[in-house]
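Taking it in order: structure first as structure tokens, then the write-up.
The values are calculated or read from the model by the stated rules, or taken from the named source; none is laboratory data. Bear in mind that the values here come from a model prediction, so they are computed numbers and not experimental data. Heads up, the Cβs are rebuilt from the backbone with ideal geometry, glycines too, and the neighbour counts pull from every protein chain shown.
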């Protein structure tokens, strides 16, 4: 009875095991998804396990069926053997490609067997120069013509990095379409990010603001890391350096995290807001980078990768926490940084879960980290642009305030020369008429002494308002000093300037200011007018002549207009 039960149990286990493995691949069919569920797996304990040992293990049933489309064995896994049966029911050979969509596998040995006899083999991987790959591709592509009947494919994979194996069975047309889509998407992403890099470098060169430089470095470090783990770097930039390809991901992850921290500290003003935290973060970044270098010197790639992963994880955790805190204390730009960081984290989580098989593996889920980082870059660029606009607005406002007399809201001398000098130069070249009116409030010192400076200030403000109302479009007003004012009149002859001065004098003469006791005070002013009819070369000479005419008006009894018509 027990013997029967044991036999039934073994038969049931064998039946379940056979049901969990899909049938062999048909060479004539199309397989758009990864074919992990058609593959059987075996991980031997010894490193000297060769293809003949693998064939014997397969025949004896020691391989187990894969349970997912994309196989994942983690970081630092033992070498793994894969078995795949392919049947060609057609009499003619069928040329097909095996695509291992992973750019960081150290060694891949592929053996094609028919009736237990080796008919073809390929050896590739990052441990070899890129030129030795069977097909010029950023991933690992193996071509083989499958003859009529059944072919057993044995694949040995070795990697210190994450051994993720999305394997596709495809043909030349399908692979070309997939490559074209990848080319467009990566071209769009790299183009957009490099445009942001160029734009921010130009801003840095022009403004010398470190935030733009650090943002550019942060984006460049992301591109460098992306080029490394997508295989583009090995294909285009360092095809003869297997050593750098082996270490690129770990080193560039650390570099990316360092660039991210540097930009974050600058963007969120951490040094000014929390100087102790700033020092702690700087020390932490140095510690992570030194740890990666030490692991590199000791040739411990797995340890270096784990340190770099923790480093990047620490950056995004810190970015979210500091973004929230900065936002709560009033840093309006922190919201951009916070949203950007959350998008990147979400993208990274989706990609990680797709790679680990928690969610379905697809082009979208695998590229989610790229999408998140691209959105991160765009949001931070918008934040920097908004910050630039506000900074420039504040700068222009400050410059404007520096050129404005705060009491009367008229130009001061500095601002007057800034606006007038170009117009004066044009008038000299065109030999056009230009005039200047200088006026001075009569008995202003007496007003201050008798009624106080507060009333004197009110007189100045009231007179400035009158000047602004009477001035023509294009005339430039300035408080020249104390109770003196200046009006620059382009394209104006001397006689017309005198007429304008008389109109302003009458306007001022009709004004009254009430004292604190309700007493009505009349205001008057004296005017001096000068024109460039005498071919003044210097603007200051014209102003000096107007000042002389003002002095004449004072001597003639005040409240009048004087000009030299000789």
Within region 69-82, considering residues that are surrounded by fewer than 22 Cβ atoms within 10 Å (Cβ to Cβ) and more than 37 Å from the chain's Cα centre (by Cα), the one nearest to residue 114 (Cα to Cα): 80
Single condition residue 161 does not satisfy, out of (1) modelled with pLDDT under 95; (2) not assigned by TED's automatic domain parsing to the domain that holds residue 87: (2)
Flag for residue 295 being surrounded by 15 or more Cβ atoms within 10 Å (Cβ to Cβ), at pLDDT 95 or above and part of a helix (DSSP H, G or I): yes
Odd one out for residue 275, checked against (1) modelled with pLDDT of 95 or more; (2) over 17 Å from residue 313 (Cα atoms): (1)
Check on residue 320, crowded, with 20+ Cβ neighbours inside 10 Å, in contact with a helix residue (DSSP H, G or I) (Cβ under 7 Å, 6 or more places away or on another chain) and touching a residue at least 12 places away in the same chain (Cβ under 8 Å): no
Residues of region 418-442 satisfying the condition of being farther than 19 Å from residue 497 by Cβ and buried (at least 16 other Cβ atoms within 10 Å of the Cβ): 441, 442
Tally of residues being modelled with pLDDT of 90 or more, part of a loop (DSSP other than H, G, I, E, B) and either more than 30 Å from residue 177 (Cα to Cα) or out of contact with any helix residue (DSSP H, G or I) (no Cβ under 9 Å at 6 or more places or on another chain) (or both) across region 1-28: 2
Test: residue in region 510-523 that is surrounded by 13 or more Cβ atoms within 10 Å (Cβ to Cβ) and at pLDDT 95 or above: no
Number of positions in region 326-338 that are in a helix (DSSP H, G or I) and either at pLDDT below 80 or farther than 14 Å from residue 384 by Cβ (or both): 4
Residue within region 469-480 that is on the phi < 0 side of the Ramachandran plot, in a loop (DSSP other than H, G, I, E, B), assigned by TED's automatic domain parsing to the domain that holds residue 550 and more than 53 Å from the chain's Cα centre (by Cα) present: no
Check on residue 154, at pLDDT 90 or above and in a helix (DSSP H, G or I): no
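Yes or no, residue by residue, for (1) in contact with a strand residue (DSSP E or B) (Cβ under 9 Å, 6 or more places away or on another chain); (2) under 30 Å from residue 244 (Cβ atoms); (3) assigned by TED's automatic domain parsing to the domain that holds residue 240; (4) in a strand (DSSP E or B):
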site	(1), (2), (3), (4)
61	no, no, no, no
72	yes, yes, no, yes
82	yes, yes, no, yes
96	yes, no, no, yes
113	yes, no, no, yes
127	yes, yes, no, no
131	no, yes, no, no
138	no, yes, no, no
143	yes, yes, no, yes
Condition met for residue 345 (surrounded by 18 or more Cβ atoms within 10 Å (Cβ to Cβ), farther than 20 Å from residue 211 by Cβ and either in contact with a helix residue (DSSP H, G or I) (Cβ under 9 Å, 6 or more places away or on another chain) or free of Cβ contacts under 8 Å to residues at least 12 places away in the same chain (or both)): yes
Qualifying residue in region 188-195 (condition: over 10 Å from the mean Cα position of the chain (by Cα), surrounded by 14 or more Cβ atoms within 10 Å (Cβ to Cβ), in a helix (DSSP H, G or I) and outside the structural domain of residue 88 (by TED's automatic domain parsing)): yes
Top-ranked residue of region 355-365 - restricted to ones that are in contact (Cβ under 8 Å) with a residue 40 or more places away in the chain and in a helix (DSSP H, G or I), ranked as nearest to the chain's Cα centre (by Cα): 363
Enumeration of residues in region 419-457 that are more than 52 Å from the chain's Cα centre (by Cα) and either assigned to a helix (DSSP H, G or I) or not assigned by TED's automatic domain parsing to the domain that holds residue 478 (or both): 444, 445, 446, 447, 448, 449, 450, 451, 453, 454, 455, 456
